[in-house]
Amino acid sequence: MTARLRVDRLTTGYVHAPVLRDLSLEVGDEIVAVFGSNGAGKTTLLRAISGSLPAWRGEVLLEGAPLRRTPSWRRVTRGLAHVPEGRHVFAAMSVEENLDVAGLAVRRQPSARHDVYELFPRLHERRAQAAGTLSGGEQQMLAIGRALMTRPRLLLVDELSAGLAPVVAQSLVAGLAEIRSRGIALLLVEQSPQLVADLVDRAYVLDHGTLVAEGTIAQIGGVERLAEMYLARR
């Protein structure tokens, strides 16, 4: 079976400074996490996959189709959605307007909001509220919901739990499990392996732009070893 996503010997970075070097990974019909310390290249990886950062060498393939020369907006129409770190909701627009704008990218009808509201009932309660007045957790729900409005086959999520209380982060993890049950594969960047250990099928560990470990959480050595060895939490 063709992998949902395949990254093949990807090299990229900023200006003349490479960040990722000959990096290869795959995501099938599963949830995969990418771990690593700050500056390891995790966010750069998601940007290169989504097309907001060009690849210098190598290839990104979505269900077997090469994307290297495909602009980011076209990748969305092909089934790739990216929830960036920091959420980046349209602050002055309502929750409902945020969702509808995202749906325009794939000519999706406003009625598609129902699926998002079913996943995150809090957004339905806040649907007329300006996005900039939502709590951090609610904004993260909206950022994920906005991505879902584009009907993705693969969802990239960067730093799901950043700045959120543990109980809020746990509710978002439950939301990701539901998203997976809807047939959407996920690639997550996350700083807290404890939070997603029971959610992910496999994980990759990045260090200075190269892969240093991969496999299940148990194969990598477990949550504690992962945090101590690769995330500088001693």
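Return yes when Asp100 is touching a helix residue (DSSP H, G or I) at 6+ places or on another chain (Cβ under 7 Å), acidic (Asp, Glu) and either open to solvent by 20 Å² or more (accessible area, probe 1.4 Å) or outside any helix (DSSP H, G or I) (or both) and no when it is not. For Asp100, the condition - touching a helix residue (DSSP H, G or I) at 6+ places or on another chain (Cβ under 7 Å), acidic (Asp, Glu) and either open to solvent by 20 Å² or more (accessible area, probe 1.4 Å) or outside any helix (DSSP H, G or I) (or both) - is met.
All of Leu172, Leu154 fail the test of being out of contact with any Lys or Arg (no Cβ under 6 Å at 6 or more places or on another chain) and open to solvent by less than 60 Å² (accessible area, probe 1.4 Å), apart from Leu172. Residue pairs whose Cβ atoms lie under 9 Å apart, sitting 6 or more positions apart in sequence or on different chains, and linking a residue in the range 140-161 that is over 11 Å from Pro84 (Cβ atoms) to a partner that is among the acidic types (Asp, Glu), are Gly145/Asp115; Leu148/Asp115; Met149/Asp100; Met149/Asp115; Arg153/Glu63; Leu154/Glu63; Leu160/Glu190; Ser161/Glu190.
Yes or no: Thr133 polar (S, T, N, Q), within 17 Å of the chain's Cα centre (by Cα) and either open to solvent by 10 Å² or more (accessible area, probe 1.4 Å) or closer than 24 Å to Ile49 by Cβ (or both)? No; evaluated as a whole, the condition is false for this residue.
Listed here are the residues, each with its yes/no results for (1) open to solvent by less than 10 Å² (accessible area, probe 1.4 Å); (2) under 22 Å from Gly215 (Cβ atoms); (3) over 15 Å from the mean Cα position of the chain (by Cα).
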| site | (1), (2), (3) |
| --- | --- |
| Asp22 | no, yes, yes |
| Val27 | yes, yes, no |
| Ile31 | yes, yes, no |
| Phe35 | yes, yes, no |
| Thr43 | no, no, no |
| Leu46 | yes, yes, no |
| Pro54 | no, no, yes |
| Leu67 | yes, no, yes |
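Considered as a group, the residues in the range 189-223 that are of a type in the set (S, T, N, Q) and touching a residue at least 40 places away in the same chain (Cβ under 8 Å) include one that is farthest from Ala177 (Cα to Cα), and that residue is Thr210.
With the requirement that a residue be open to solvent by 30 Å² or more (accessible area, probe 1.4 Å) and farther than 20 Å from Ala3 by Cβ, what does the range 193-225 give you? Matches in the range 193-225: Gln194, Asp198, Asp207, His208, Thr210, Val212, Ala218, Gly221, Val223, Glu224, Arg225. Within the span defined as the range 62-77, one or more residues are in contact with a helix residue (DSSP H, G or I) (Cβ under 8 Å, 6 or more places away or on another chain) and touching a residue at least 40 places away in the same chain (Cβ under 8 Å). Within the range 178-199, the residues that satisfy the criterion of being assigned to a loop (DSSP other than H, G, I, E, B) and either touching a helix residue (DSSP H, G or I) at 6+ places or on another chain (Cβ under 7 Å) or not aliphatic (A, V, I, L, M) (or both) are Arg182, Gly183, Glu190, Gln191, Ser192, Ala197, Asp198, Leu199.
The values are calculated or read from the model by the stated rules, or taken from the named source; none is laboratory data. Keep in mind that this is a model prediction, so the values were computed, not measured. Cβ coordinates were reconstructed from backbone atoms using ideal geometry, including for glycine residues, and neighbour counts include every protein chain displayed. Keep in mind that these areas ignore ligands, DNA and RNA; they rest on the heavy atoms of the full protein, side chains included. Shrake-Rupley method; radii C 1.70, N 1.55, O 1.52, S 1.80 Å.
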